[in-house]
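S.K.: Input: one structure, supplied below.
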Amino acid sequence: MGPITLFDKSFLQALSAEESVWFDNFFYPVICPIFFVETMADLWKKPRPGKTAEEEVGIIANKCPEMQGTPCYFHEELCLGDLTGSHVPMDGRIPRAGIRQVVRNGKVAGIAEVSDEASAFQRWQRGRFYEVERNHASEWRRRVESVDLGIVEARMKQLGVNAKTCKTQADAVRFADQALAGLSKTPERFNSALELLGIREDARAFIKHRWRINKRPPLTFFAPYAAHVLRVELFFHIALGANLIASTRPSHRVDMAYLFYLPFCHMFTSADKLHRQCAPLFMRPNQEFVWGLDLKADLQRLNEHFHTLPEEVKAQGIYKFANQLPNESQGLIRELLHRHTPALLTPSKSLDLNRLNQGTGKKIAEDIKKWESAPDATDDLSQSKDWDSLIIKRSVRRQRGSWLQVGPEVPDSDQS
(Lines give C-alpha, C1' and ligand atoms only; values in the text may rest on other atoms or scores of the structure.)
Protein backbone atom coordinates (compact mmCIF):
# COMPACT_ATOMS: atom_id res chain seq x y z
CA MET A 1 0.00 0.00 0.00
CA GLY A 2 1.53 3.30 -1.12
CA PRO A 3 1.15 6.73 0.47
CA ILE A 4 -2.45 7.48 1.42
CA THR A 5 -3.31 10.17 -1.11
CA LEU A 6 -6.18 12.59 -1.28
CA PHE A 7 -6.82 13.72 -4.85
CA ASP A 8 -9.30 16.04 -6.50
CA LYS A 9 -11.14 15.99 -9.81
CA SER A 10 -8.67 18.36 -11.49
CA PHE A 11 -5.83 15.87 -10.90
CA LEU A 12 -7.68 12.90 -12.33
CA GLN A 13 -8.80 14.94 -15.32
CA ALA A 14 -5.16 15.84 -16.04
CA LEU A 15 -4.11 12.17 -16.17
CA SER A 16 -4.33 9.94 -19.21
CA ALA A 17 -6.15 6.64 -18.71
CA GLU A 18 -2.82 4.78 -18.60
CA GLU A 19 -1.25 7.21 -16.13
CA SER A 20 -4.24 6.67 -13.85
CA VAL A 21 -3.41 2.94 -13.75
CA TRP A 22 -0.04 3.67 -12.17
CA PHE A 23 -1.46 6.20 -9.74
CA ASP A 24 -3.84 3.47 -8.63
CA ASN A 25 -1.02 0.92 -8.40
CA PHE A 26 1.61 2.87 -6.43
CA PHE A 27 -0.57 5.05 -4.21
CA TYR A 28 -3.49 4.43 -1.86
CA PRO A 29 -6.13 6.96 -2.96
CA VAL A 30 -8.78 8.48 -0.72
CA ILE A 31 -12.09 8.41 -2.60
CA CYS A 32 -13.38 11.71 -1.27
CA PRO A 33 -17.18 12.25 -1.27
CA ILE A 34 -16.62 15.71 -2.75
CA PHE A 35 -14.88 14.11 -5.74
CA PHE A 36 -17.80 11.71 -6.20
CA VAL A 37 -20.53 14.33 -6.16
CA GLU A 38 -18.45 16.82 -8.17
CA THR A 39 -17.99 14.18 -10.88
CA MET A 40 -21.68 13.34 -10.76
CA ALA A 41 -22.56 17.03 -11.13
CA ASP A 42 -20.89 17.02 -14.56
CA LEU A 43 -24.05 15.34 -15.82
CA TRP A 44 -25.58 18.82 -15.80
CA LYS A 45 -22.65 20.77 -17.20
CA LYS A 46 -22.25 21.81 -20.81
CA PRO A 47 -19.85 19.22 -22.34
CA ARG A 48 -17.04 19.85 -24.78
CA PRO A 49 -17.97 19.97 -28.49
CA GLY A 50 -18.47 16.46 -29.82
CA LYS A 51 -19.05 14.95 -26.35
CA THR A 52 -22.17 14.26 -24.32
CA ALA A 53 -22.28 14.92 -20.57
CA GLU A 54 -22.51 11.16 -20.01
CA GLU A 55 -19.36 10.60 -22.06
CA GLU A 56 -17.50 13.28 -20.08
CA VAL A 57 -18.45 11.63 -16.79
CA GLY A 58 -17.51 8.22 -18.21
CA ILE A 59 -14.02 9.50 -19.06
CA ILE A 60 -13.43 10.56 -15.45
CA ALA A 61 -14.97 7.35 -14.09
CA ASN A 62 -12.62 5.33 -16.29
CA LYS A 63 -9.66 6.86 -14.44
CA CYS A 64 -11.04 6.37 -10.94
CA PRO A 65 -8.92 4.09 -8.69
CA GLU A 66 -10.24 0.56 -8.30
CA MET A 67 -7.26 -1.66 -7.34
CA GLN A 68 -6.30 0.39 -4.27
CA GLY A 69 -7.84 3.07 -2.13
CA THR A 70 -11.03 3.39 -0.17
CA PRO A 71 -14.04 5.72 0.09
CA CYS A 72 -14.24 8.10 3.05
CA TYR A 73 -17.24 9.07 5.15
CA PHE A 74 -18.87 12.41 4.33
CA HIS A 75 -17.44 15.20 6.50
CA GLU A 76 -20.84 16.24 7.87
CA GLU A 77 -21.40 12.73 9.26
CA LEU A 78 -17.90 12.71 10.74
CA CYS A 79 -18.45 16.09 12.41
CA LEU A 80 -21.67 14.83 13.99
CA GLY A 81 -19.94 11.69 15.24
CA ASP A 82 -16.99 13.68 16.59
CA LEU A 83 -19.26 16.06 18.51
CA THR A 84 -21.30 13.20 20.00
CA GLY A 85 -18.22 11.34 21.24
CA SER A 86 -17.15 9.01 18.41
CA HIS A 87 -13.44 9.57 17.87
CA VAL A 88 -12.37 10.56 14.35
CA PRO A 89 -8.71 9.71 13.49
CA MET A 90 -6.61 12.74 12.58
CA ASP A 91 -3.32 10.95 11.83
CA GLY A 92 -3.68 9.89 8.20
CA ARG A 93 -6.04 6.94 8.61
CA ILE A 94 -9.17 6.92 6.44
CA PRO A 95 -12.52 6.65 8.26
CA ARG A 96 -13.89 4.16 5.78
CA ALA A 97 -17.56 4.05 4.97
CA GLY A 98 -19.58 0.84 4.76
CA ILE A 99 -17.74 -1.67 7.00
CA ARG A 100 -19.74 -4.51 8.53
CA GLN A 101 -18.35 -6.02 11.74
CA VAL A 102 -18.75 -9.75 12.38
CA VAL A 103 -17.67 -12.12 15.15
CA ARG A 104 -16.36 -15.68 14.88
CA ASN A 105 -14.70 -17.84 17.55
CA GLY A 106 -14.37 -14.82 19.82
CA LYS A 107 -12.60 -12.76 17.15
CA VAL A 108 -13.90 -9.67 15.36
CA ALA A 109 -13.43 -8.86 11.68
CA GLY A 110 -14.40 -5.95 9.47
CA ILE A 111 -15.89 -6.70 6.04
CA ALA A 112 -15.91 -3.89 3.48
CA GLU A 113 -18.25 -4.68 0.62
CA VAL A 114 -17.75 -3.16 -2.83
CA SER A 115 -18.62 0.47 -2.17
CA ASP A 116 -21.60 2.23 -3.70
CA GLU A 117 -19.15 4.73 -5.20
CA ALA A 118 -17.12 1.99 -6.90
CA SER A 119 -20.28 0.40 -8.30
CA ALA A 120 -21.47 3.76 -9.61
CA PHE A 121 -18.12 4.53 -11.28
CA GLN A 122 -18.19 1.16 -13.02
CA ARG A 123 -21.70 1.80 -14.33
CA TRP A 124 -20.66 5.27 -15.48
CA GLN A 125 -17.75 3.76 -17.40
CA ARG A 126 -20.33 1.83 -19.40
CA GLY A 127 -22.59 4.86 -19.86
CA ARG A 128 -25.25 3.63 -17.43
CA PHE A 129 -26.75 6.32 -15.18
CA TYR A 130 -29.66 6.04 -12.75
CA GLU A 131 -32.30 8.77 -12.59
CA VAL A 132 -31.64 9.27 -8.87
CA GLU A 133 -28.04 10.14 -9.73
CA ARG A 134 -29.20 12.71 -12.25
CA ASN A 135 -31.46 14.22 -9.59
CA HIS A 136 -28.60 14.32 -7.09
CA ALA A 137 -26.39 15.95 -9.71
CA SER A 138 -29.02 18.60 -10.34
CA GLU A 139 -29.40 19.27 -6.60
CA TRP A 140 -25.62 19.54 -6.12
CA ARG A 141 -25.37 22.02 -8.97
CA ARG A 142 -28.23 24.05 -7.47
CA ARG A 143 -26.56 24.13 -4.05
CA VAL A 144 -23.24 25.29 -5.50
CA GLU A 145 -24.78 27.97 -7.68
CA SER A 146 -27.03 29.23 -4.86
CA VAL A 147 -24.05 30.15 -2.68
CA ASP A 148 -23.46 33.86 -3.13
CA LEU A 149 -19.82 34.34 -2.16
CA GLY A 150 -20.26 38.07 -2.70
CA ILE A 151 -22.65 38.17 0.27
CA VAL A 152 -20.12 36.30 2.41
CA GLU A 153 -17.43 38.78 1.33
CA ALA A 154 -19.63 41.77 2.20
CA ARG A 155 -20.51 40.31 5.61
CA MET A 156 -16.84 39.84 6.45
CA LYS A 157 -16.07 43.42 5.43
CA GLN A 158 -18.82 44.63 7.79
CA LEU A 159 -16.97 42.79 10.58
CA GLY A 160 -13.78 44.65 9.75
CA VAL A 161 -12.10 42.01 7.60
CA ASN A 162 -10.51 43.59 4.54
CA ALA A 163 -7.29 43.76 2.54
CA LYS A 164 -5.77 46.18 5.08
CA THR A 165 -6.54 44.23 8.25
CA CYS A 166 -5.78 40.81 6.69
CA LYS A 167 -2.96 41.02 4.18
CA THR A 168 -1.92 37.38 3.72
CA GLN A 169 -3.41 33.90 3.88
CA ALA A 170 -1.31 33.30 7.01
CA ASP A 171 -3.14 36.27 8.55
CA ALA A 172 -6.44 34.68 7.55
CA VAL A 173 -5.48 31.44 9.31
CA ARG A 174 -4.51 33.41 12.44
CA PHE A 175 -7.85 35.24 12.43
CA ALA A 176 -9.66 31.93 11.91
CA ASP A 177 -7.87 30.44 14.92
CA GLN A 178 -8.86 33.43 17.06
CA ALA A 179 -12.47 33.13 15.95
CA LEU A 180 -12.45 29.37 16.58
CA ALA A 181 -11.15 29.87 20.12
CA GLY A 182 -13.92 32.36 20.79
CA LEU A 183 -16.65 29.92 19.78
CA SER A 184 -16.14 27.94 23.01
CA LYS A 185 -16.33 30.96 25.34
CA THR A 186 -20.10 30.98 25.88
CA PRO A 187 -23.06 28.64 25.25
CA GLU A 188 -24.40 31.10 22.67
CA ARG A 189 -21.15 31.07 20.72
CA PHE A 190 -20.90 27.30 20.99
CA ASN A 191 -24.38 27.03 19.50
CA SER A 192 -23.31 29.29 16.63
CA ALA A 193 -20.45 26.87 15.96
CA LEU A 194 -22.98 24.06 15.61
CA GLU A 195 -24.96 26.22 13.20
CA LEU A 196 -21.88 26.94 11.09
CA LEU A 197 -21.18 23.20 10.92
CA GLY A 198 -24.73 22.49 9.80
CA ILE A 199 -25.47 20.18 12.75
CA ARG A 200 -29.13 19.20 12.67
CA GLU A 201 -31.35 20.65 15.38
CA ASP A 202 -32.36 17.32 16.98
CA ALA A 203 -28.71 16.50 17.78
CA ARG A 204 -27.71 19.83 19.27
CA ALA A 205 -29.26 19.31 22.73
CA PHE A 206 -27.20 16.16 23.35
CA ILE A 207 -24.00 17.79 22.03
CA LYS A 208 -24.44 20.88 24.20
CA HIS A 209 -25.19 18.70 27.24
CA ARG A 210 -22.05 16.66 26.59
CA TRP A 211 -20.05 19.88 26.24
CA ARG A 212 -21.39 21.24 29.55
CA ILE A 213 -20.71 18.10 31.60
CA ASN A 214 -17.15 18.09 30.23
CA LYS A 215 -16.73 21.63 31.68
CA ARG A 216 -17.04 23.48 28.37
CA PRO A 217 -13.65 22.61 26.84
CA PRO A 218 -12.27 24.34 23.72
CA LEU A 219 -13.72 22.92 20.52
CA THR A 220 -10.23 21.83 19.41
CA PHE A 221 -10.14 19.50 22.44
CA PHE A 222 -13.83 18.56 22.57
CA ALA A 223 -14.19 17.60 18.89
CA PRO A 224 -10.86 17.99 17.01
CA TYR A 225 -12.16 16.99 13.59
CA ALA A 226 -15.20 19.25 13.78
CA ALA A 227 -12.80 22.03 14.84
CA HIS A 228 -10.66 21.35 11.75
CA VAL A 229 -13.68 21.64 9.44
CA LEU A 230 -14.79 24.83 11.15
CA ARG A 231 -11.26 26.27 10.93
CA VAL A 232 -11.20 25.72 7.15
CA GLU A 233 -14.68 27.25 6.85
CA LEU A 234 -13.77 30.32 8.90
CA PHE A 235 -10.55 30.78 6.91
CA PHE A 236 -12.51 30.69 3.66
CA HIS A 237 -14.94 33.36 4.84
CA ILE A 238 -12.14 35.58 6.12
CA ALA A 239 -10.09 35.14 2.94
CA LEU A 240 -13.12 36.17 0.88
CA GLY A 241 -13.54 39.32 2.95
CA ALA A 242 -9.86 40.18 2.55
CA ASN A 243 -9.98 39.54 -1.22
CA LEU A 244 -7.39 36.79 -0.83
CA ILE A 245 -9.83 34.43 -2.57
CA ALA A 246 -12.04 35.70 -5.40
CA SER A 247 -15.77 35.78 -4.66
CA THR A 248 -16.63 35.59 -8.36
CA ARG A 249 -16.26 31.81 -8.68
CA PRO A 250 -18.88 29.68 -6.86
CA SER A 251 -16.70 26.62 -7.55
CA HIS A 252 -14.22 27.90 -4.93
CA ARG A 253 -16.73 26.74 -2.31
CA VAL A 254 -16.48 23.19 -3.62
CA ASP A 255 -12.69 23.37 -3.98
CA MET A 256 -12.28 24.36 -0.33
CA ALA A 257 -14.41 21.39 0.79
CA TYR A 258 -11.61 19.01 -0.24
CA LEU A 259 -9.54 20.46 2.62
CA PHE A 260 -12.01 18.99 5.12
CA TYR A 261 -10.44 15.59 4.28
CA LEU A 262 -6.77 16.52 4.78
CA PRO A 263 -6.53 14.72 8.17
CA PHE A 264 -7.06 11.39 6.38
CA CYS A 265 -4.01 11.27 4.13
CA HIS A 266 -0.22 11.46 3.84
CA MET A 267 -0.37 13.79 0.85
CA PHE A 268 -2.82 15.77 -1.26
CA THR A 269 -2.37 16.08 -5.02
CA SER A 270 -4.27 18.55 -7.15
CA ALA A 271 -3.90 20.65 -10.30
CA ASP A 272 -5.99 23.44 -8.78
CA LYS A 273 -4.16 26.70 -7.94
CA LEU A 274 -6.43 27.42 -4.96
CA HIS A 275 -5.48 24.08 -3.44
CA ARG A 276 -1.82 24.78 -4.09
CA GLN A 277 -2.10 28.03 -2.12
CA CYS A 278 -4.35 26.95 0.74
CA ALA A 279 -3.88 23.22 1.44
CA PRO A 280 -0.39 23.53 3.04
CA LEU A 281 -1.86 25.92 5.64
CA PHE A 282 -3.92 23.08 7.13
CA MET A 283 -1.50 20.14 6.91
CA ARG A 284 0.43 18.33 9.60
CA PRO A 285 4.26 18.60 9.51
CA ASN A 286 4.47 15.04 8.11
CA GLN A 287 2.07 15.80 5.25
CA GLU A 288 2.71 17.50 1.93
CA PHE A 289 0.93 19.00 -1.03
CA VAL A 290 2.02 17.66 -4.44
CA TRP A 291 1.35 19.66 -7.57
CA GLY A 292 -0.72 17.37 -9.76
CA LEU A 293 1.06 18.17 -13.01
CA ASP A 294 4.44 17.23 -11.48
CA LEU A 295 3.05 13.88 -10.37
CA LYS A 296 1.43 13.37 -13.79
CA ALA A 297 4.81 13.87 -15.49
CA ASP A 298 6.44 11.17 -13.35
CA LEU A 299 3.51 8.80 -13.87
CA GLN A 300 3.95 9.32 -17.62
CA ARG A 301 7.64 8.37 -17.36
CA LEU A 302 6.67 5.30 -15.35
CA ASN A 303 4.13 4.29 -17.99
CA GLU A 304 6.75 4.65 -20.74
CA HIS A 305 9.16 2.45 -18.77
CA PHE A 306 6.66 -0.37 -18.33
CA HIS A 307 5.81 -0.27 -22.04
CA THR A 308 9.42 -1.28 -22.74
CA LEU A 309 8.97 -4.61 -20.93
CA PRO A 310 8.60 -7.81 -22.97
CA GLU A 311 5.06 -8.78 -23.91
CA GLU A 312 5.31 -12.04 -21.97
CA VAL A 313 6.06 -10.07 -18.80
CA LYS A 314 3.17 -7.64 -19.34
CA ALA A 315 0.84 -10.59 -19.98
CA GLN A 316 1.29 -11.63 -16.31
CA GLY A 317 -0.68 -8.61 -15.12
CA ILE A 318 0.59 -5.56 -13.27
CA TYR A 319 -0.04 -7.17 -9.87
CA LYS A 320 2.84 -9.51 -10.72
CA PHE A 321 5.35 -7.46 -12.69
CA ALA A 322 4.70 -4.07 -11.05
CA ASN A 323 4.31 -4.92 -7.37
CA GLN A 324 7.32 -2.74 -6.61
CA LEU A 325 8.61 0.57 -7.95
CA PRO A 326 11.29 -0.20 -10.57
CA ASN A 327 14.86 1.05 -10.08
CA GLU A 328 14.50 3.01 -13.31
CA SER A 329 12.01 5.31 -11.54
CA GLN A 330 14.21 7.81 -9.71
CA GLY A 331 11.97 10.89 -9.72
CA LEU A 332 9.13 12.35 -7.68
CA ILE A 333 7.30 9.07 -7.04
CA ARG A 334 10.38 7.50 -5.44
CA GLU A 335 10.83 10.61 -3.29
CA LEU A 336 7.22 10.42 -2.12
CA LEU A 337 7.44 6.72 -1.28
CA HIS A 338 10.74 7.31 0.53
CA ARG A 339 9.17 10.01 2.71
CA HIS A 340 5.83 8.35 3.46
CA THR A 341 6.08 4.58 2.90
CA PRO A 342 9.82 3.74 2.80
CA ALA A 343 9.20 0.03 3.49
CA LEU A 344 7.74 -0.27 -0.03
CA LEU A 345 11.16 0.52 -1.50
CA THR A 346 12.77 -2.46 0.25
CA PRO A 347 13.22 -5.43 -2.13
CA SER A 348 10.67 -8.11 -1.40
CA LYS A 349 9.96 -11.55 -2.67
CA SER A 350 7.51 -11.55 -5.55
CA LEU A 351 4.05 -12.87 -4.76
CA ASP A 352 3.55 -16.28 -6.36
CA LEU A 353 -0.14 -16.24 -7.26
CA ASN A 354 0.04 -19.72 -8.81
CA ARG A 355 1.25 -21.16 -5.51
CA LEU A 356 -1.48 -19.28 -3.66
CA ASN A 357 -4.17 -20.64 -5.97
CA GLN A 358 -2.95 -24.22 -5.44
CA GLY A 359 -2.55 -24.13 -1.66
CA THR A 360 -2.55 -21.17 0.63
CA GLY A 361 -4.91 -19.16 -1.56
CA LYS A 362 -7.58 -21.84 -1.31
CA LYS A 363 -7.38 -21.80 2.49
CA ILE A 364 -7.60 -18.01 2.52
CA ALA A 365 -10.67 -18.13 0.27
CA GLU A 366 -12.34 -20.68 2.56
CA ASP A 367 -11.56 -18.56 5.61
CA ILE A 368 -13.03 -15.47 3.94
CA LYS A 369 -16.27 -17.36 3.21
CA LYS A 370 -16.52 -18.35 6.89
CA TRP A 371 -16.10 -14.71 7.93
CA GLU A 372 -18.76 -13.60 5.43
CA SER A 373 -21.32 -15.99 6.93
CA ALA A 374 -20.43 -15.06 10.53
CA PRO A 375 -23.01 -13.17 12.63
CA ASP A 376 -22.74 -9.42 13.13
CA ALA A 377 -20.75 -8.30 16.16
CA THR A 378 -22.60 -6.68 19.04
CA ASP A 379 -21.79 -3.05 19.77
CA ASP A 380 -20.09 -3.96 23.06
CA LEU A 381 -17.82 -6.54 21.44
CA SER A 382 -17.00 -4.54 18.33
CA GLN A 383 -15.96 -1.53 20.41
CA SER A 384 -13.97 -3.44 23.00
CA LYS A 385 -11.16 -4.66 20.75
CA ASP A 386 -9.41 -4.07 17.45
CA TRP A 387 -10.26 -6.14 14.40
CA ASP A 388 -8.46 -9.44 14.05
CA SER A 389 -9.07 -9.40 10.28
CA LEU A 390 -10.15 -6.92 7.64
CA ILE A 391 -11.63 -8.12 4.35
CA ILE A 392 -11.93 -5.54 1.57
CA LYS A 393 -13.91 -6.53 -1.49
CA ARG A 394 -13.17 -4.90 -4.82
CA SER A 395 -14.62 -5.08 -8.29
CA VAL A 396 -11.72 -4.80 -10.73
CA ARG A 397 -11.60 -4.78 -14.50
CA ARG A 398 -9.17 -7.33 -15.92
CA GLN A 399 -8.16 -4.98 -18.75
CA ARG A 400 -7.70 -1.26 -18.25
CA GLY A 401 -6.56 0.57 -21.35
CA SER A 402 -3.63 -1.38 -22.76
CA TRP A 403 -2.75 -2.84 -19.35
CA LEU A 404 -3.73 -6.22 -17.99
CA GLN A 405 -4.45 -5.61 -14.31
CA VAL A 406 -5.31 -9.18 -13.31
CA GLY A 407 -3.40 -12.09 -14.80
CA PRO A 408 -4.85 -15.20 -16.44
CA GLU A 409 -4.41 -17.28 -13.27
CA VAL A 410 -7.51 -15.57 -11.83
CA PRO A 411 -10.73 -16.92 -13.45
CA ASP A 412 -13.18 -14.41 -14.87
CA SER A 413 -15.77 -15.23 -12.22
CA ASP A 414 -13.31 -14.26 -9.48
CA GLN A 415 -12.16 -10.88 -10.78
CA SER A 416 -13.99 -8.97 -8.05
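S.K.: Kindly check whether there is at least one residue in region 222-239 that is part of a loop (DSSP other than H, G, I, E, B) and touching a residue at least 24 places away in the same chain (Cβ under 8 Å). It would help to see each step written out before you state the result.
M.R.: Kept after step one, since they are part of a loop (DSSP other than H, G, I, E, B), are these residues of region 222-239: 223.
So of that shortlist, the ones also touching a residue at least 24 places away in the same chain (Cβ under 8 Å) come out as 223.
Checked region 222-239: at least one residue is part of a loop (DSSP other than H, G, I, E, B) and touching a residue at least 24 places away in the same chain (Cβ under 8 Å).
S.K.: Could you please find all residues in region 158-173 being surrounded by 16 or more Cβ atoms within 10 Å (Cβ to Cβ) and in a helix (DSSP H, G or I)? Outline the logic, then answer.
M.R.: Filtering region 158-173 down to residues surrounded by 16 or more Cβ atoms within 10 Å (Cβ to Cβ) leaves 161, 166, 169, 171-173.
Correct list: GLN169, ASP171, ALA172, VAL173.
S.K.: Within region 371-387, can one find any residue that is part of a helix (DSSP H, G or I), at pLDDT 75 or above and surrounded by 11 or more Cβ atoms within 10 Å (Cβ to Cβ)? Steps first, please.
M.R.: Within region 371-387, the subset part of a helix (DSSP H, G or I) is 371-372, 379-384.
This time we only want the ones that are at pLDDT 75 or above, so: 371-372.
Within this subset, residues satisfying the condition of being surrounded by 11 or more Cβ atoms within 10 Å (Cβ to Cβ) are 371-372.
Yes, region 371-387 has at least one match.
S.K.: Could you please tell me which pairs satisfy a Cβ distance under 7 Å, a separation of 6+ or placement on different chains, a first residue in region 240-252 that is touching a residue at least 12 places away in the same chain (Cβ under 8 Å), and a second residue that is crowded, with 16+ Cβ neighbours inside 10 Å and polar (S, T, N, Q)?
M.R.: That search, which allows pairs on different chains as well, returns LEU240/SER247; LEU244/GLN169.
S.K.: Here is a list of conditions, (1) modelled with pLDDT of 85 or more; (2) surrounded by 23 or more Cβ atoms within 10 Å (Cβ to Cβ), and GLY69 meets all of them except one; can you say which number that is?
M.R.: Going through (1) modelled with pLDDT of 85 or more; (2) surrounded by 23 or more Cβ atoms within 10 Å (Cβ to Cβ) one by one, GLY69 breaks only (1).
S.K.: So, one more: Which residues, counting only those in region 101-135, are assigned to a helix (DSSP H, G or I), surrounded by fewer than 16 Cβ atoms within 10 Å (Cβ to Cβ) and at pLDDT below 75? Even if it seems obvious, please write down each step before you answer.
M.R.: First pass over region 101-135, keeping only residues assigned to a helix (DSSP H, G or I): 116-125, 131-135.
With the extra rule that they be surrounded by fewer than 16 Cβ atoms within 10 Å (Cβ to Cβ), the set shrinks to 116, 119, 123, 131-132, 134-135.
Those that are assigned to a helix (DSSP H, G or I), surrounded by fewer than 16 Cβ atoms within 10 Å (Cβ to Cβ) and at pLDDT below 75: ASP116, GLU131, VAL132, ARG134, ASN135.
S.K.: Right, next: Among the residues of region 243-259, which ones are touching a Cys at 6+ places or on another chain (Cβ under 9 Å) and either crowded, with 23+ Cβ neighbours inside 10 Å or assigned to a helix (DSSP H, G or I) (or both)?
M.R.: ILE245, ASP255, MET256, ALA257, TYR258, LEU259
S.K.: Return the residues of region 48-66 that are part of a loop (DSSP other than H, G, I, E, B), crowded, with 20+ Cβ neighbours inside 10 Å and out of contact with any Pro (no Cβ under 6 Å at 6 or more places or on another chain); say none if nothing qualifies.
M.R.: The initial filter retains those residues of region 48-66 that are part of a loop (DSSP other than H, G, I, E, B), namely 48-52, 64-66.
From what is left, the residues that are crowded, with 20+ Cβ neighbours inside 10 Å are 64-66.
Within region 48-66, CYS64, GLU66 qualify.
S.K.: What is the residue count in region 71-93 for residues that are free of Cβ contacts under 8 Å to residues at least 12 places away in the same chain and among the aromatic types (Phe, Trp, Tyr)? Even if it seems obvious, please write down each step before you answer.
M.R.: Filtering region 71-93 down to residues free of Cβ contacts under 8 Å to residues at least 12 places away in the same chain leaves 77, 81, 86-87.
The next check asks that each one be among the aromatic types (Phe, Trp, Tyr); those that pass are none.
Result for region 71-93: 0.
S.K.: Can you tell me which condition ILE199 does not meet? The list is (1) modelled with pLDDT of 90 or more; (2) surrounded by fewer than 16 Cβ atoms within 10 Å (Cβ to Cβ); (3) not aromatic (Phe, Trp, Tyr), and all the others hold.
M.R.: The failed condition is (2).
S.K.: Within region 1-46, can you find the residues that are closer than 13 Å to ILE60 by Cβ, hydroxyl-bearing (Ser, Thr, Tyr) and surrounded by fewer than 22 Cβ atoms within 10 Å (Cβ to Cβ)?
M.R.: Of region 1-46, the ones closer than 13 Å to ILE60 by Cβ are 7-17, 20, 31, 35-43, 45.
With the extra rule that they be hydroxyl-bearing (Ser, Thr, Tyr), the set shrinks to 10, 16, 20, 39.
SER10, SER16 - these are the residues of region 1-46 that are closer than 13 Å to ILE60 by Cβ, hydroxyl-bearing (Ser, Thr, Tyr) and surrounded by fewer than 22 Cβ atoms within 10 Å (Cβ to Cβ).
S.K.: Another question, then. Of these, MET67, MET90, which one is within 30 Å of LEU194 (Cα to Cα) and of a type outside the set (Gly, Ala, Ser)? Explain how you work it out, then say what you get.
M.R.: Values: MET67 fails: within 30 Å of LEU194 (Cα to Cα).
Of the residues listed, the single one that is within 30 Å of LEU194 (Cα to Cα) and of a type outside the set (Gly, Ala, Ser) is MET90.
S.K.: Consider SER184 carefully, then state whether it is closer than 22 Å to HIS75 by Cβ, among the small types (Gly, Ala, Ser), out of contact with any Cys (no Cβ under 7 Å at 6 or more places or on another chain) and exposed (fewer than 14 other Cβ atoms within 10 Å of the Cβ).
M.R.: In short, no.
S.K.: Next question. So which of LEU299, LEU336 ends up being in contact (Cβ under 8 Å) with a residue 40 or more places away in the chain, over 16 Å from the mean Cα position of the chain (by Cα) and within 15 Å of LEU6 (Cα to Cα)?
M.R.: Values: LEU299 fails: within 15 Å of LEU6 (Cα to Cα).
Going through LEU299, LEU336 in turn, the sole match is LEU336.
S.K.: Which residue, of ASP298, ASP255, is in contact with a Leu (Cβ under 6 Å, 6 or more places away or on another chain) and at pLDDT 95 or above? Lay out the reasoning, then the answer.
M.R.: Working: ASP255 fails: at pLDDT 95 or above.
Testing whether each residue is in contact with a Leu (Cβ under 6 Å, 6 or more places away or on another chain) and at pLDDT 95 or above leaves just ASP298.
S.K.: While we're on this one: Given the residues ARG339, ARG284, ARG301, ARG334, which is the only one that is within 22 Å of PRO29 (Cα to Cα) and touching a strand residue (DSSP E or B) at 6+ places or on another chain (Cβ under 8 Å)? It would help to see each step written out before you state the result.
M.R.: Details: ARG284 fails: touching a strand residue (DSSP E or B) at 6+ places or on another chain (Cβ under 8 Å); ARG301 fails: touching a strand residue (DSSP E or B) at 6+ places or on another chain (Cβ under 8 Å); ARG334 fails: touching a strand residue (DSSP E or B) at 6+ places or on another chain (Cβ under 8 Å).
Just one listed residue meets the conditions, ARG339.
The values are calculated or read from the model by the stated rules, or taken from the named source; none is laboratory data. Values in this document were obtained by computation on a predicted structure and should not be read as measured data. Glycine gets a Cβ as well: all are built from the backbone with ideal geometry, and neighbour counts include every protein chain shown.
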